Amino acid sequence: MHIPDGMLPAEVCIAGYAGTAFLAWLSVKKAKSTTEDSARVVSRASVMAAAFFVVSWVHIPIPPVSVHPVLAGLMGILLGWISFPAILVGLFFQAAMFGHGGFTTLGVNALTMGGAALLAWGAFRLLKGNEKGVKSLIPGFVAGLTGVVLAVVFTGSILILTIPEHIDAGVEFSSILAMAAAHLPLALAEGVFTALVARFLLKVRPDVLA
Amino acid sequence: MCWHEMLTNYRMKLFEDWDTTLKVPSLFLLMMSMAFIRDQRLMFLLPSIAAILFTTSGIKLSLLLSRFRAPVLFLLFVSVFLILFSEGETLFRIGPFALKSRGVTLALNTSVRVLCIITVGIVMVNTTPLAGLSGKLQKMRIPKILVDIGILTGRYIMVIGEDFRKMRASRKLRGYVPGKSISQRFRVIVPTAATLLLRGFQQSEMVFNAMHMRGYGNTVSSTAVSDQPERPSRFNMIMFFSTLAMSAVLIVLEVSLEAG
């Protein structure tokens with residue numbers, strides 16, 4: 001789901017970096033305004049960035065491609081605003097250590113994945129209430145599902161709208177849909193996983209949720 | 001040590017000696033200018049530049065090829081899409097599929113660009129020494145919070161993998177074996193992952209506090225950011241300006257060919 005180097009025109013890469021710089025600045029500013037303990041912010045972001053990096057080693061074959069867990073939703077609900085810089089760092093490590101994504105496309109990739117994480121966190125906060133039983137799983141499920149689906153749709157849209165110069169609009173739209181459909185099993189699995197982890201953490205340590 | 005090894009080590013050292021604060025921005029700019037190239041007539045320049053940098057860096061070919069694995073799969077996917085769905089003249093047909101000439105050109109250009117930029121990226125990363133990197137990143141105006149997250153993430157990647165291995169082993173010893181059904185697997189995996197995260201949060205807070213107590217980010221050491229700007233050596237300036245010149249040539253040629 002990461003866009004490699006060379007796929008996007010330089011103008012799009014520069015715009016991606018500009019957007020990422022703004023969102024990273026905003027995230028750090030918002031995170032600092034909500035907590036004074038910078039050690040806590042940095043340490044949590046690092047653990048989640050490391051987890052984000054490690055899960056990309058897990059490959060799930062969905063022919064003709066293979067996908068890997070994203071954890072955007074989980075990062076959003078655990079880190080809130082700081083999920084964006086954490087994803088940015090995780091993506092940098094993935095690009096540097098095994099060539100997932102790239103350096104010129106780091107800004108764009110951070111925007112698609114980090115933006116999805118922030119929106120997933122927003123969805124979680126909107127839906128979170130005092131429900132019991134199965135209903136208590138809904139906010140986490142929606143966050144996990146949203147994290148993957150939005151990341152795929154953002155990535156697919158950028159790829160298809162920027163690379164090919166003379167491609168039929170109908171084919172472009174169908175391709176975005178096909179890409180999202182290929183990731184649907186992963187989105188559902190991440191939805192269930194995020195829901196169960198969120199419920200577990202709400203029971204054991206509710207203070208760790210953003 | 002044979003002459004080939006000596007030559008490789010010398011070339012590695014050449015790139016490692018190149019100051020990170022000059023090397024990273026100039027190679028990054030080169031990668032961006034390569035991404036700027038769209039004209040087919042300039043495509044031959046990209047492999048030439050990438051080949052020069054790769055051979056002078058002394059990086060092993062096996063490392064380069066191993067880093068190509070992930071993007072090549074993606075590239076194949078995009079190439080097939082471009083070849084089949086581009087508009088224009090049909091080269092030939094295979095059953096219901098029509099291979100378009102414009103699509104083939106686009107796919108070739110994209111492949112060259114992707115592989116060359118990745119090569120430059122590999123040279124940049126693999127010739128950058130880790131010692132004193134945090135200070136140099138701050139010198140390059142990377143925000144301190146991002147540098148801190150990066151340093152701690154680097155340390156934590158190994159720890160989280162090791163913790164996961166230990167927890168899996170102890171879980172097995174206590175008889176918690178994941179079943180075949182998805183719900184059984186989730187019942188075992190979810191508490192393990194959540195506990196791992198909680199433990200990770202606690203451990204990393206301790207590690208971060210310990211790093212600060214030992215002076216991380218507070219003292220000025222030989223590797224930390226200095227208030228006195230250092231004068232770059234002649235070698236550094238030559239490397240820096242020659243890389244900038246390559247970027248400039250690429251951009252100027254692309255703009256002039258586009259205008260013409």
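Do the conditions hold for residue A:208, that is, is it away from chain B (no Cβ under 11 Å) and either in contact (Cβ under 8 Å) with a residue 24 or more places away in the chain or in contact with a Gly (Cβ under 8 Å, 6 or more places away or on another chain) (or both)? No: the conditions fail for residue A:208. Residue pairs whose Cβ atoms lie under 6 Å apart, separated by 6 or more positions or on different chains, with the first residue in the range B:93-110 and assigned by TED's automatic domain parsing to the domain that holds residue B:78 and touching a residue at least 12 places away in the same chain (Cβ under 8 Å) and the second among the aromatic types (Phe, Trp, Tyr) and in a strand (DSSP E or B), are B:99/B:92.
Among the residues of the range A:12-35, the one identified as charged (D, E, K, R) and in contact (Cβ under 8 Å) with a residue 40 or more places away in the chain is A:30. Out of B:66, B:62, one residue alone is surrounded by 13 or more Cβ atoms within 10 Å (Cβ to Cβ) and among the small types (Gly, Ala, Ser). It is B:66. Looking at A:181, A:120, just one residue is part of a helix (DSSP H, G or I) and within 19 Å of residue A:81 (Cα to Cα), and that residue is A:120. Has the range A:96-112 got any residue that is part of a helix (DSSP H, G or I) and in contact with a His (Cβ under 8 Å, 6 or more places away or on another chain)? Yes, the range A:96-112 has at least one match. In the range B:66-81, the residues that are within 11 Å of residue B:114 (Cα to Cα) and at the interface with chain A (Cβ under 7 Å from one of its Cβ atoms) reach residues that are surrounded by fewer than 19 Cβ atoms within 10 Å (Cβ to Cβ) and modelled with pLDDT under 80 with C-beta atoms within less than 9 angstrom, at least six apart or across chains, in these pairs: B:74/A:65. For the range A:75-82, indicate whether the set of residues that are in a helix (DSSP H, G or I), under 10 Å from the mean Cα position of the chain (by Cα) and either at pLDDT 85 or above or within 25 Å of residue B:24 (Cβ to Cβ) (or both) is non-empty. Yes, that holds for at least one residue.
Looking only at the range B:19-49, residues that are in contact (Cβ under 8 Å) with a residue 24 or more places away in the chain, in a helix (DSSP H, G or I) and either away from chain A (no Cβ under 11 Å) or touching a strand residue (DSSP E or B) at 6+ places or on another chain (Cβ under 7 Å) (or both) come to 12 in all. Residues that are at pLDDT below 65 and among the aliphatic types (A, V, I, L, M) were ranked within the range B:179-231; the one that is surrounded by the most Cβ atoms within 10 Å (Cβ to Cβ) is B:224.
Residue by residue, here is whether (1) among the hydrophobic types (A, V, I, L, M, F, W, C); (2) surrounded by 22 or more Cβ atoms within 10 Å (Cβ to Cβ); (3) farther than 29 Å from residue A:49 by Cβ holds:
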position: A:111; (1), (2), (3): yes, yes, no
position: A:122; (1), (2), (3): no, no, no
position: A:130; (1), (2), (3): no, no, yes
position: A:154; (1), (2), (3): yes, no, no
position: A:175; (1), (2), (3): no, no, yes
position: A:180; (1), (2), (3): yes, no, no
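Remark: pairs (first residue in the range A:180-200, at negative phi; second residue assigned to a helix (DSSP H, G or I) and among the hydroxyl-bearing types (Ser, Thr, Tyr); Cβ separation under 7 Å; 6+ apart in sequence or on different chains) = A:199/A:136.
Within the range B:89-106, the residues that satisfy the criterion of being more than 10 Å from every other protein chain (Cβ to nearest Cβ), touching a Leu at 6+ places or on another chain (Cβ under 8 Å) and either over 27 Å from residue A:9 (Cα atoms) or not in a strand (DSSP E or B) (or both) are B:92, B:93, B:97, B:101, B:104.
The values are calculated or read from the model by the stated rules, or taken from the named source; none is laboratory data. The structure presented is a predicted model; accordingly, all values stated were derived computationally and were not measured. No Cβ is skipped: glycine too gets one built from the backbone with ideal geometry, and neighbour counts run over all protein chains shown.
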